[in-house]
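The values are calculated or read from the model by the stated rules, or taken from the named source; none is laboratory data. Owing to the predicted nature of the structure, the values given are computational and were not obtained by experimental measurement. Cβ coordinates were reconstructed from backbone atoms using ideal geometry, including for glycine residues, and neighbour counts include every protein chain displayed.
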Amino acid sequence: MVAREFTDLPMKIKLPETGVSEVSRTEELLAKRRSVRRYTERGLTKEVISRFLWAAQGISSGEGLRTAPSAGALYPLEIHAVAGYGNGLEPGIYRYVAEEHALTQEVPGDIREKLARAALSQPMVSKAPVSLVISAVYPRITGKYGKRGIRYADMEAGHAAQNVYLLGVELGIGTCAVGAFNDEEVKKVLKLPANEEPLYILPLSYF
Ligand SMILES: Cc1cc2nc3c(=O)[nH]c(=O)nc-3n(C[C@H](O)[C@H](O)[C@H](O)COP(=O)(O)O)c2cc1C
């Protein structure tokens, strides 16, 4: 047999079609996941908000491990819920306390317009009844991993956001990962401590 010439490469292998013989629930959710930017005014109940927070960063094991993976299980992420009117929560900014599956109110009042302005006036942020904001406290992870810890924390935000997207498909609630915002402005609006950096805004709404 004659050896293949290098010039023959690359060899293409057609993969079996997906979604034909067997489709898992996960594959269904993945196929339906889209960024949603057209929202309704219907608010979210406390139970629904609780489910999204748990999906993003909730505790899912007796040892305190969470729904999203974390390098060295150091958990540098924080989740804030920004609620407007018409939800099962008073309008305000809340911090998720994963260890207790609880919220602490940090600032009362509807700050969605201010947050939207910090996000280049993207209308999803002012319209969604609730937005989750994922931020990172880098020192929690750079202590062990140095500069690479910053990359790890940023990757973790992607995991958490995907969990939110997929739960949204299940519940008929849309989100759109918003990364275009002014960091300093978002920090100011949310009154974040100096060592906490916002990474993502995830508006949540029925559509
Ligand atoms: C890191 C990142 C930042 C993004 N920032 C924004 C944003 O600021 N505004 C927006 O409307 N969409 C934003 N998106 C959503 C993308 O536009 C969207 O994922 C892309 O168009 C693909 O569409 P799909 O999510 O429906 O598959 C962002 C997505 C990612 C991953």
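Some values worked out for this structure:
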item: Hits in segment 116-171 - residues which are of a type in the set (K, R) and in a loop (DSSP other than H, G, I, E, B); result: K147
item: Residues (free of Cβ contacts under 8 Å to residues at least 12 places away in the same chain, surrounded by fewer than 16 Cβ atoms within 10 Å (Cβ to Cβ) and of a type in the set (D, E, K, R)) located in segment 158-207; result: E184
item: Single match in S24, S35, S70, S61 (criterion: away from the ligand (no atom under 16 Å from the Cβ) and touching a residue at least 12 places away in the same chain (Cβ under 8 Å)); result: S70
item: Subset tally (residues that are under 21 Å from S205 (Cα atoms), within 17 Å of the chain's Cα centre (by Cα) and either basic (K, R) or outside any loop (DSSP other than H, G, I, E, B) (or both)) for segment 33-77; result: 13
item: Flag for L115 being over 15 Å from the mean Cα position of the chain (by Cα), surrounded by 13 or more Cβ atoms within 10 Å (Cβ to Cβ) and within 20 Å of E185 (Cα to Cα); result: yes
item: Test: residue in segment 172-193 that is more than 13 Å from the ligand (Cβ to nearest atom), under 17 Å from M124 (Cβ atoms) and outside any helix (DSSP H, G or I); result: yes
item: Positions within segment 125-162 being more than 14 Å from the ligand (Cβ to nearest atom) and of a type in the set (S, T, N, Q), in sequence order; result: S135, T142
item: Number of the condition not met by E113 [criteria: (1) within 16 Å of the ligand (Cβ to nearest atom); (2) assigned to a helix (DSSP H, G or I)]; result: (1)
item: Residue within segment 131-138 that is surrounded by fewer than 21 Cβ atoms within 10 Å (Cβ to Cβ) and either of a type outside the set (G, A, S) or over 12 Å from H80 (Cβ atoms) (or both) present; result: yes
item: Test result for T104, within 16 Å of V133 (Cα to Cα), at pLDDT 95 or above and either surrounded by fewer than 14 Cβ atoms within 10 Å (Cβ to Cβ) or in contact with a Cys (Cβ under 8 Å, 6 or more places away or on another chain) (or both); result: yes
item: Any hit, segment 41-56, residues being surrounded by 11 or more Cβ atoms within 10 Å (Cβ to Cβ) and at pLDDT below 95; result: yes
item: Test: residue in segment 195-206 that is in a loop (DSSP other than H, G, I, E, B) and either at pLDDT 95 or above or within 16 Å of I111 (Cβ to Cβ) (or both); result: yes
